[in-house]
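Novice: Input: one structure, supplied below.
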Amino acid sequence: MSDDTQRVAVVTGASRGIGKAIAERLASDGRHVVCVARSEGPLTELVEKIRASGGSAECVTCDLSDGGSVGTMIDDVVERCGRVDVLVNNAGITKDGLVMRMSDEDFDDVLNVNLRSAFIASRHVARPMMRARFGRIINIGSVSGLMGNPGQTNYAASKAAMVGMSKSMAKELGAKGVTVNVVAPGFIKTDMTDILGEELMKEVAPRIPVRRLGQPEEIANAVSWLSSDESGYVTGQVLVVDGGLAM
Ligand code: NDP
């Protein structure tokens with residue numbers, strides 16, 4: 001459990017991939033990290049790992065596709081920890097398919113987890129952050145939301161909408177010391193890109209100016225800075241971390 005002065009960070013989708021790297025990084029930055037996802041086992045392992053290296057963390061299982069649970073989860077964290085200083089809306093899913101064949105359900109499911117959960121979590125942290133006159137909301141977008149991507153109408157829509165949502169919230173909350181930014185990764189080595197297969201990845205790598213896929217820790221580095229005191233004059237921005245892919 002956090003002490004009264006320790007900053008509290010909530011990271012969604014922390015059970016693996018980018019979210020896990022972000023949780024570990026924020027813990028090593030000295031935050032008490034609340035790790036959120038559906039899979040209890042990997043979350044428990046992560047929390048044990050963080051504690052073993054001297055950090056502070058706890059896990060909360062929550063299905064973010066259920067809006068009611070998202071609000072309750074954040075309210076519970078605020079009550080238990082007394083504060084939320086950093087919210088990283090990282091959880092995301094893909095349900096790719098060509099537009100002609102994409103079902104309403106696959107469109108809604110992706111919007112629900114990627115966008116709606118981030119909106120609800122942000123709404124619930126806004127009040128405590130404004131009261132504290134400090135807050136950092138960091139939404140994990142994607143270069144797909146900036147460039148579009150065949151087969152990802154639903155996913156790109158969710159990530160593009162995240163940019164407009166973040167800029168609007170940044171304008172509303174800036175005067176109260178709360179910043180809202182997007183980190184937009186390119187191709188990062190996680191389960192999400194592993195399912196695309198090695199062949200496709202071999203085709204992708206030469207199109208990336210730095211000629212390789214990114215590591216989850218490279219996204220965590222950007223999130224770490226955006227969550228710090230040092231970034232207080234940066235809000236409503238999209239920080240693209242993609243090895244130059246979307247230039
Ligand atoms: P992974 O598939 O590796 O991890 C996704 C995370 O989201 C898991 O922790 C998963 O946990 C959680 N999650 C998914 N659905 C739910 C749900 N309904 N409720 C709660 N948690 C959920 O993805 P990445 O780490 O690769 O991606 C993280 C973020 O980065 C996503 O928003 C993604 O869109 C974005 N991104 C990733 C890129 C990449 O190349 N990897 C590129 C651009 C953006 P669990 O299954 O335990 O619930």
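Where a number appears in this text, it was derived from the coordinates with a stated rule and is not lab data. If you're wondering where the values come from, they're calculated on a predicted model, not measured in any experiment. So basically every Cβ, Gly included, is an ideal-geometry build from the backbone, and we count neighbours across all protein chains shown.
Novice: Among C59, C35, C81, determine the one that fluctuates most according to a GNM of the chain built with springs between C-alpha atoms less than 10 Å apart.
Specialist: C81
Novice: Which residue, P209, P42, P185, has the most motion in a Gaussian network model of the chain that connects Cα atoms within less than 10 Å?
Specialist: P209
Novice: Ok, one more. How much net charge surrounds V113 when only the other residues with a Cβ under 13 Å from the Cβ of V113 are counted, with Lys and Arg +1 and Asp and Glu -1?
Specialist: Within the 13 Å Cβ shell, the charges total -2.
Novice: Right, something else. Label points 7 Å out from Cα along the Cβ direction at N149 and D66: separation in nm?
Specialist: Spacing of the two 7 Å Cα→Cβ label points: 2.9 nm.
Novice: At 0.692 mPa s and 37 °C, plugging the Kirkwood radius over alpha-carbon pairs of the range 41-92 into Stokes-Einstein gives what diffusion coefficient in µm²/s?
Specialist: 264
Novice: Calculate how steeply helix 153-173 sits against the longest principal axis of the alpha-carbon atoms of the chain, using the helix alpha-carbon long axis, and give the answer as 0 to 90 degrees to the nearest 10.
Specialist: The answer is roughly 30 degrees.
Novice: Still on this structure: Angle, helix 17-28 long axis vs. longest principal axis of the chain, Cα atoms, 0 to 90°, nearest 10?
Specialist: 30
Novice: Hand me the GluC sites (Glu not before Pro) from the range 1-100 located in a DSSP loop with no more than 11 other Cβ atoms within 10 Å, in residue order please.
Specialist: none
Novice: Starting from the Cα of K202, draw a straight line to each of the aspartates and glutamates and keep only those under 18 Å, dropping any in the same chain fewer than 8 residues away.
Specialist: D191, D194, D242
Novice: Using a 10 Å cut-off on Cβ atoms, rank the peptides 83-92, 175-184 from the highest mean neighbour count down.
Specialist: 83-92, 175-184
Novice: Something else now. Over its Cα atoms, what ratio of radius of gyration to 2.2 N^0.38 Å does the range 90-247 give?
Specialist: Its radius of gyration relative to the 2.2 N^0.38 Å reference: 1.08.
Novice: Can I ask one more? Summing Lys, Arg as +1 and Asp, Glu as -1, what charge do residues with Cβ under 9 Å from the Cβ of A9 carry, A9 excluded? Each step should come with its number before you reach the end.
Specialist: On the way: positive: R7, R31, R136; negative: D29, D85.
After counting each charged neighbour, the total is +1.
Novice: Roughly what would the spin-label model give for K171 and S53, points 7 Å off Cα along C-beta, in nm?
Specialist: 4.0
Novice: Search the structure for amide H atoms under 5 Å from the amide H of L87, placed 1.01 Å from N in the peptide plane, and list their residues when 5 or more places away or on another chain.
Specialist: Distant-sequence amide H within range of L87: V10, R136, I137, I138.
Novice: If you line up the long axis of helix 67-81 against the longest principal axis of the chain, both from Cα atoms, how many degrees apart are they, to the nearest 10?
Specialist: Taking Cα atoms only, the helix is inclined about 40 degrees.
Novice: Have a look at K202, K49, K159 and tell me which one the Gaussian network model of the chain (Cα, springs below 10 Å) gives the largest fluctuation.
Specialist: The residue with the greatest mean-square fluctuation here is K202.
Novice: Distance from a point 7 Å along Cα→Cβ of D96 to each backbone N in the range 143-165: keep the residues under 19 Å and list them by number.
Specialist: The answer is 143-160, whose backbone nitrogens lie closer than 19 Å to the label point.
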